[in-house]
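Here's the structure we're looking at; comments come further down.
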Amino acid sequence: MILIIYAHPYPRHSHANQRLLQAVKDIPGVEIRVLYELYPDFDIDIKAEQRALERADMIVLQHPMQWYSLPPLLKLWIDKVLEHGWAYGHEGNALMGKDCLWAVTSGGDEQHFALGDSPSFAVLAQPLQATAIYCGMNWQPYFAVHGTFTCNEPALIAAGEAYRHRLMQYLMQHREQIAEQGSAHG
Ligand SMILES: Cc1cc2nc3c(=O)[nH]c(=O)nc-3n(C[C@H](O)[C@H](O)[C@H](O)COP(=O)(O)O)c2cc1C
């Protein structure tokens, strides 16, 4: 199962993320948790989030980039849900072996990220990548849609199709792996 943790603070103004979600929401085996709908008051149900994560093979963190980082509710979600003794530390192995995919949209194009001492977009993945690895997850190559400030309809359609393809491919490969493991043991 793929679990999409979706965090958009202004969902009614979204073009890119809405299109991405539309493109994948009917895939069997994909579950979407819309954080800003579930927790408008930022009062996160930690146990419910942990149960959902436990069911997942791949966890997707999907959001628009905000000031080179995460929307605040997603940051709080990480702080609250990835508890010591559950996600890391003594007996904290709930996420071990799961896959983690960052699905992010940005208003700027790749040039926009040519700032500072480490001028690249990829460097912005580092905090999430380190978090995933720290919790024993397998970090997947990220899925990014850049240039949403100037995105036209064909670009949005192409982004949705690419996202759908990415998730479908994961599910197919994952099912094949499970079938192979089953026949190896059986
Ligand atoms: C508060 C705020 C901060 C933002 N910071 C960035 C940024 O640092 N870099 C960038 O490329 N886009 C930035 N953006 C633009 C959003 O990333 C962009 O509008 C969004 O990814 C488009 O997706 P959507 O159509 O689903 O809203 C920011 C937008 C907001 C509202």
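Taking the Cα centre of the stretch 1-100 as origin and assigning +1 to Lys and Arg Cβ atoms and -1 to Asp and Glu Cβ atoms, the resulting dipole is close to 300 debye.
Cα extents for the stretch 2-185 along the principal axes, largest to smallest and rounded to whole angstrom: 50, 35, 34.
Could you order peptides 172-179, 104-111 by the average number of other Cβ atoms within 10 Å of their residues, highest first?
104-111, 172-179
For the stretch 62-170, a crude dipole built from +1 on the beta carbon of Lys and Arg and -1 on the beta carbon of Asp and Glu, taken about the Cα centre, is about 180 debye to the nearest 20.
Each DSSP beta bridge with both residues in the stretch 2-185 is either parallel or antiparallel, and the antiparallel ones are about 5%. For the stretch 153-173 and the stretch 66-128, what is the centre-to-centre distance using only Cα atoms, to the nearest Å? Here the two parts' Cα centres lie 21 Å apart.
Shown is the FRET efficiency for LYS75 and ALA122, computed with R0 = 22 Å from the Cβ-Cβ distance and rounded to the nearest 0.05: 0.65. About its Cα centre, the dipole of the chain is roughly 200 debye, where the only charges are +1 on Lys and Arg Cβ and -1 on Asp and Glu Cβ. The amide H of ILE32, built 1.01 Å from its N in the peptide plane, has ILE4 as neighbours under 5 Å, considering only residues 5 or more places off or on other chains. Since only MET65, ALA158, HIS90 are under comparison, the one whose Cα sits farthest along the positive direction of the charge dipole of the stretch 2-185, derived from C-beta charges on Lys, Arg, Asp and Glu, is ALA158.
Report the net charge of residues surrounding ILE44, where surrounding means a beta-carbon distance below 12 angstrom and charges are Lys +1, Arg +1, Asp -1, Glu -1.
Here the count lands on -2.
A helix-only calculation puts the chain at -12500 deg cm²/dmol for mean residue ellipticity at 222 nm, using -39500 (n - 2.57) for each DSSP H run of at least four residues, averaged over all residues.
For the stretch 37-79, the residues whose backbone nitrogen is under 14 Å from a point 7 Å from the Cα of GLN181, taken along Cα to Cβ, are 55-58.
Values in this text are rule-based calculations from the coordinates and carry no lab data. If you're wondering where the values come from, they're calculated on a predicted model, not measured in any experiment. All Cβ positions, glycine included, derive from the backbone under ideal geometry; neighbour counts span all protein chains shown.
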